[in-house]
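K.L.:
One structure, pasted below without further comment.
The values are calculated or read from the model by the stated rules, or taken from the named source; none is laboratory data. Given the structure is predicted, the values throughout are model-derived calculations rather than measurements. Using ideal geometry, Cβ is built from the backbone for each residue, glycine included, and neighbour counts are taken over all protein chains shown.
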2 protein chains.
Amino acid sequence: MIEPVVLKGFRDSLPKDEIPKKRIIRKLEDVFSSYGFVPIDTPVLEYTKILLGKGGGETDKQIFRFEDNGGRDVAMRFDLTVPFARFLAAHHDEVGIPFKRYHINKVWRGENPQKGRYREFMQCDFDLVGADNAESDYEILSMMHRSFSALGIEDYTFHISHRGMFSAFLKNMGLDEKSTDILRTVDKLRKIGEDEVRTLLVEITGDEGKAEAVIKYITAGENSSFEETLSKLTELSGGENESSERMHDIYRLLKCSGIESSFVFDPSITRGLDYYTGIVYETFLDRIPSIGSVCSGGRYNNLASLYTKEELPGVGSSIGLDRLMAGLEELGSPLLANTSSADVLIVHSDEETENAIKAAEALRENGIRTDIYLNPNAKMKRIYSYAEMKAIPYMLTLSPSLTLKNLGTRETKEYGSIPEMIKDMKVD
Amino acid sequence: MIEPVVLKGFRDSLPKDEIPKKRIIRKLEDVFSSYGFVPIDTPVLEYTKILLGKGGGETDKQIFRFEDNGGRDVAMRFDLTVPFARFLAAHHDEVGIPFKRYHINKVWRGENPQKGRYREFMQCDFDLVGADNAESDYEILSMMHRSFSALGIEDYTFHISHRGMFSAFLKNMGLDEKSTDILRTVDKLRKIGEDEVRTLLVEITGDEGKAEAVIKYITAGENSSFEETLSKLTELSGGENESSERMHDIYRLLKCSGIESSFVFDPSITRGLDYYTGIVYETFLDRIPSIGSVCSGGRYNNLASLYTKEELPGVGSSIGLDRLMAGLEELGSPLLANTSSADVLIVHSDEETENAIKAAEALRENGIRTDIYLNPNAKMKRIYSYAEMKAIPYMLTLSPSLTLKNLGTRETKEYGSIPEMIKDMKVD
């Protein structure tokens, strides 16, 4: 006998998890489609040199990499961004630029599994490539807002900043050469706190005054409206520039569609990664900020530069679906609550099989999901337990009369015919 | 520069492929749900010993197998059946038996890519476990029928046979010890033809008369109704037995729901695999039988016996989604035809951005998928080419008046307001 275990850091998705996951994905896909975004998919396995590109980072150690039977150095994708860059380089002529795509699928990382972290997890990426203006930035932000709203989440806040403004500030302070280290440090603010960040900044800049100025910049958003923060930061960066103007334009468009109250200007958001050049953002669920950002991204100048000379500026976001689902569960979201396998369970004797099949077909044709209990001779106790495990709310028995039982309230109701019952259920 | 290529036998899924694939999957999921079937998912990577089980077959050579960073012998799943068996052994108490599940996802095989065959492909499996009676067999067949009907396919035929009847026949002929070899040979009938099969059968049985009897059995379905074939085969097997009675019962239920004309009794169907014990079936698209079976499966006694002592009889099917999509394309299916990214493309000047955003929101709220062209200063030629590449049927311009252009017929229509236009589009 082989023990039926999964690998460390991996897990099965049971119906109680998979049903709401599919429900959430459909809702997101419907929002994305409504904006003219289209789905793509890419292979799980790619040449390692394509996935790692320049390489040398943390990713190299975490990747599932091996030699295939043909002696190729291959690896499983660790995100959906790198495959998208490769995809764009290969297909930009076929898909047409600007290109608005989403991609919802699994990625793999061999990192040590911690609480809530797995080696196999779902990402949901959406990017808009081939346009660089306030309207495109707005479009991604608007779609994020619409997505969270479609999921029925009540309190969420998008924390936005602009890398260009931060760069202008650093230049204004004479710190532009140390920007990479400073960005990485500032990115840790939420994790290690202000004091620790200050200490690190003093080490990097060698100047307590400058370190304090950076702290002042990244905390300028606290208790301050979007426009106030924007004006403070503009001043700290030495006056208006292209980036601050972009932020004004984006905010104007957010106001135009009446969603501005979900956005705060938070200059502590930097997204450590080097490739961002414009707006950057993270998304927090207000009631449970501790779970971290559930949707992050930003604008990049040239996504596919490793694979093509074509310049492809874009802006995009990534939703960590597993983390988002954990968050929704903690919030008691109704999206996760209903995991019933069917609306009605038909229970019948051997002699009633044909009637049961006909009844099931009539119900299904009317949009009522109908399961038939398949072991006619089972004891009722076993059948009730079956219905409970599958969370089926109603049980239908066919004789001596058509009887529908609400398994929650235990109320029963008799009907003269299936159509009569269907009519009544639809009114419910 | 790194060349943006994918591995041999792998491919990107572009929007023109991914949009219809998602559409087809949604339709199948809706059918499965209507029968009370629930989705699951399992890890892509598993312990090799779990995936290969007893091993020793063709699969061993075709599997993507490697040692992970923790020194484990792991592999990528090559089908959805083995992971389901492992899943059932681990979770049967949690999910409740009978268990009706579907699983739609990718599998990987390192076989040499041929025309239409890839190393990464989509399977769609649905199984019903924990019941062994005619009603369960019928339920899977009925769901197959409903699935093909939901996909709008007009001509399809399910070819059914019963392994138990074939075994009874072989026993009746004194050939039961050679059944495995005979099954494998008969399974090749469609591929190598009757003469070749006869030659092989003579080799196996060492008896021309017996070989001829086998040929007579497996061709008994030609030009013969379901019931006639059943009666002929029953006679050849030495009279009624449990298996022939099961086939009578199944046919009675098919007739009861009026779908019997899509089913033929085809005793040449054996499904070479050893684990089938009851009905077996393959599905052919009548107009293009040459692409082979697009949905196959059967009944097995004990799926998870490698991993648990629990007896879990079941019946299930697998749709090869990529092959089915190739078939639908060949048939000119409307399911594949519409790959538009949006219903309307809004084209606007820089000054009209806010109006464009408001118009887009109103359209989207009314279920009209709306894309906004993001480079306001582009030439019209470029914009038309964009709309064409994305297959967007309508273009909306905002000034001097609201004008909707049908990009197919080039007809234009002016409107006084967005609500007026929406009303008109909905009537369309």
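K.L.:
For residues that are touching a helix residue (DSSP H, G or I) at 6+ places or on another chain (Cβ under 6 Å) and in a helix (DSSP H, G or I), scanning just region B:126-144, find the one that is nearest to the other protein chains (Cβ to nearest Cβ).
P.N.:
Applying the filter and picking the extreme gives B:Glu135.
K.L.:
Given (1) among the hydroxyl-bearing types (Ser, Thr, Tyr); (2) modelled with pLDDT under 95; (3) touching a Pro at 6+ places or on another chain (Cβ under 9 Å), where does B:Ser237 come up short, assuming only one miss?
P.N.:
Failed condition: (3).
K.L.:
Next question, about the same structure. Could you please find all residues in region A:371-404 being away from every other protein chain (no Cβ under 12 Å), farther than 24 Å from B:Asn133 by Cβ and either crowded, with 18+ Cβ neighbours inside 10 Å or touching a helix residue (DSSP H, G or I) at 6+ places or on another chain (Cβ under 9 Å) (or both)?
P.N.:
If the condition is that a residue be away from every other protein chain (no Cβ under 12 Å), farther than 24 Å from B:Asn133 by Cβ and either crowded, with 18+ Cβ neighbours inside 10 Å or touching a helix residue (DSSP H, G or I) at 6+ places or on another chain (Cβ under 9 Å) (or both), then A:Pro393, A:Leu404 are the ones that fit.
K.L.:
Among the candidates A:Leu407, A:Leu398, A:Leu335, single out the residue that is closer than 30 Å to A:Glu139 by Cα and not small (Gly, Ala, Ser).
P.N.:
From the options A:Leu407, A:Leu398, A:Leu335, the qualifying one is A:Leu335.
K.L.:
I've got another one for you. Report whether or not A:Ser417 is over 19 Å from B:Leu128 (Cα atoms), among the hydroxyl-bearing types (Ser, Thr, Tyr) and free of Cβ contacts under 8 Å to residues at least 24 places away in the same chain.
P.N.:
Yes.
K.L.:
From the residues in region A:7-35 that are in contact with a strand residue (DSSP E or B) (Cβ under 7 Å, 6 or more places away or on another chain) and hydrophobic (A, V, I, L, M, F, W, C), which one is nearest to B:Lys309 (Cα to Cα)?
P.N.:
Selected residue: A:Leu7.
K.L.:
Could I ask something else about it? Given (1) surrounded by fewer than 22 Cβ atoms within 10 Å (Cβ to Cβ); (2) modelled with pLDDT of 95 or more, where does B:His162 come up short, assuming only one miss?
P.N.:
Every condition holds for B:His162 apart from (1).
K.L.:
Sort through A:Phe37, A:Phe66, A:Phe99 and tell me the only one that's without any contact (Cβ under 8 Å) to a residue 12 or more places away in the chain and surrounded by 16 or more Cβ atoms within 10 Å (Cβ to Cβ).
P.N.:
A:Phe66 is the lone residue from the list that is without any contact (Cβ under 8 Å) to a residue 12 or more places away in the chain and surrounded by 16 or more Cβ atoms within 10 Å (Cβ to Cβ).
K.L.:
Can I ask one more? How many residues are of a type in the set (Gly, Ala, Ser) and within 15 Å of B:Phe99 (Cα to Cα) when one looks only at region B:297-315?
P.N.:
Final tally of qualifying residues: 2.
K.L.:
Restricting to region A:31-49, name every residue that is among the hydrophobic types (A, V, I, L, M, F, W, C) and within 7 Å of chain B (Cβ to nearest Cβ).
P.N.:
A:Val38, A:Ile40, A:Val44, A:Leu45
K.L.:
Something else about it: Does A:Gly110 satisfy being more than 10 Å from chain B (Cβ to nearest Cβ) and in a loop (DSSP other than H, G, I, E, B)?
P.N.:
It is false that A:Gly110 is more than 10 Å from chain B (Cβ to nearest Cβ) and in a loop (DSSP other than H, G, I, E, B).
K.L.:
When you go through (1) facing chain B (nearest Cβ under 10 Å); (2) farther than 30 Å from A:Leu335 by Cα; (3) among the small types (Gly, Ala, Ser) one by one for A:Gly71, which number turns out not to apply?
P.N.:
Going through the list (1) facing chain B (nearest Cβ under 10 Å); (2) farther than 30 Å from A:Leu335 by Cα; (3) among the small types (Gly, Ala, Ser), A:Gly71 breaks only (1).
K.L.:
State yes or no: is A:Phe32 in the same structural domain as A:Cys124 (by TED's automatic domain parsing) and either assigned to a strand (DSSP E or B) or in contact with a Lys or Arg (Cβ under 7 Å, 6 or more places away or on another chain) (or both)?
P.N.:
When the stated conditions are applied, A:Phe32 does not pass them.
K.L.:
Look at B:Tyr300 and say whether it is more than 26 Å from B:Ile24 (Cα to Cα) and out of contact with any helix residue (DSSP H, G or I) (no Cβ under 8 Å at 6 or more places or on another chain).
P.N.:
So B:Tyr300 fits the description; yes.
K.L.:
Only one of A:Arg117, A:Arg86, A:Arg163 is among the charged types (D, E, K, R) and touching a strand residue (DSSP E or B) at 6+ places or on another chain (Cβ under 6 Å); which?
P.N.:
Just one listed residue meets the conditions, A:Arg163.
K.L.:
Residues that are touching a strand residue (DSSP E or B) at 6+ places or on another chain (Cβ under 8 Å) and of a type in the set (Phe, Trp, Tyr): find the strands (runs of 3 or more DSSP E) completely inside region B:232-327 holding 3 or more of those.
P.N.:
By residue number, B:276-285.
K.L.:
Another question, if that's okay. Given (1) farther than 30 Å from B:Lys178 by Cα; (2) touching a Phe, Trp or Tyr at 6+ places or on another chain (Cβ under 9 Å); (3) surrounded by fewer than 16 Cβ atoms within 10 Å (Cβ to Cβ), where does B:Gly258 come up short, assuming only one miss?
P.N.:
Among (1) farther than 30 Å from B:Lys178 by Cα; (2) touching a Phe, Trp or Tyr at 6+ places or on another chain (Cβ under 9 Å); (3) surrounded by fewer than 16 Cβ atoms within 10 Å (Cβ to Cβ), B:Gly258 violates only (2).
K.L.:
Evaluate the following for B:Ala362: is it out of contact with any Phe, Trp or Tyr (no Cβ under 6 Å at 6 or more places or on another chain), surrounded by fewer than 18 Cβ atoms within 10 Å (Cβ to Cβ) and either in contact (Cβ under 8 Å) with a residue 24 or more places away in the chain or part of a loop (DSSP other than H, G, I, E, B) (or both)?
P.N.:
Considered against the rule, which asks whether it is out of contact with any Phe, Trp or Tyr (no Cβ under 6 Å at 6 or more places or on another chain), surrounded by fewer than 18 Cβ atoms within 10 Å (Cβ to Cβ) and either in contact (Cβ under 8 Å) with a residue 24 or more places away in the chain or part of a loop (DSSP other than H, G, I, E, B) (or both), B:Ala362 comes out as yes.
K.L.:
Give the residues of region B:1-30 that are surrounded by 22 or more Cβ atoms within 10 Å (Cβ to Cβ) and either more than 29 Å from B:Lys390 (Cβ to Cβ) or more than 7 Å from chain A (Cβ to nearest Cβ) (or both), sorted by residue number.
P.N.:
Result: B:Ile24, B:Leu28.
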